[in-house]
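Report on the structure given below.
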Amino acid sequence: MTNYKELLSGITTFVFDYDGVLTTGIVVLTEKGEPLRTANVRDGYALQLAVKKGYNVAVISGGKSPSMYRRLESLGITDVYLGVAHKVEVFEQYLAAKGIQASEVVYMGDDIPDYNAMLMAAVPACPADAVEEIRSISRYISHYEGGRGCVRDIIEQVMKLQHKWMNDDAFKW
């Protein structure tokens with residue numbers, strides 16, 4: 001089997017689940033029942049840099065809180081699919097609409113709803129604390145847990161391999 005690092009040179013696209021990947025998966029509910037989530041600023045830095053460097057970045061999530069959309073929008077991510085029950089359908093539609101091949105995609109998920117869509121990607125990846133079923137199909141398991149740097153980890157690996165991390169234009173604001 002090909003080492004996952006060999007596949008990273010052809011990656012143009014990152015697809016992420018939200019809860020459990022971009023967050024710890026813990027949701028605090030307000031008195032009115034609105035969910036509150038935490039976000040990792042280092043993951044956020046890597047996400048906005050990936051967008052600036054021309055990578056396709058998408059989020060496909062079953063969650064649908066307006067705060068999720070606002071967070072992603074603030075990072076420059078415009079391909080946001082919330083309230084998704086069937087991720088494979090949305091993933092296929094996204095690839096077709098953008099003209100992307102599955103062989104160009106890292107898909108990071110953490111739980112059963114991500115399973116079938118992850119099987120389609122060149123590099124299925126997951127956080128360290130993903131469920132066993134997802135860990136068993138992942139070509140890369142981050143050393144970081146969801147919401148604690150796993151997104152930065154995989155983006156940084158791809159960008160370093162492609163010589164797009166820590167070059168001069170990364171410091172221009």
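A count restricted to the stretch 27-62 and to residues that are β-branched (Val, Ile, Thr), touching a residue at least 40 places away in the same chain (Cβ under 8 Å) and in a loop (DSSP other than H, G, I, E, B) stands at 1. Of the residues making up the stretch 82-105, those that are out of contact with any Ser or Thr (no Cβ under 7 Å at 6 or more places or on another chain) and under 24 Å from Arg37 (Cβ atoms) are Gly83, Ala85, His86, Lys87, Val90, Phe91, Tyr94.
Please tell me if Val106 is more than 14 Å from the chain's Cα centre (by Cα), buried (at least 17 other Cβ atoms within 10 Å of the Cβ) and among the hydrophobic types (A, V, I, L, M, F, W, C).
no
Quick check on Leu8: is it under 14 Å from the mean Cα position of the chain (by Cα), of a type in the set (A, V, I, L, M) and not in a strand (DSSP E or B)? No: the conditions fail for Leu8. Gly99 meets each of the listed conditions (1) farther than 21 Å from Ser138 by Cα; (2) in contact with an Asp or Glu (Cβ under 9 Å, 6 or more places away or on another chain); (3) of a type outside the set (Ser, Thr, Tyr) apart from (2). One residue alone among Val106, Val80 is in contact with a helix residue (DSSP H, G or I) (Cβ under 8 Å, 6 or more places away or on another chain), without any contact (Cβ under 8 Å) to a residue 24 or more places away in the chain, not in a helix (DSSP H, G or I) and not hydroxyl-bearing (Ser, Thr, Tyr), and that residue is Val80.
Laboratory data are not the source of any read-out in this text; all were calculated from the coordinates shown. Predicted, not measured: the structure shown is a model, and the values here were computed from it. Reconstructed Cβ throughout: ideal geometry from the backbone, glycine too, with neighbour counts over all protein chains shown.
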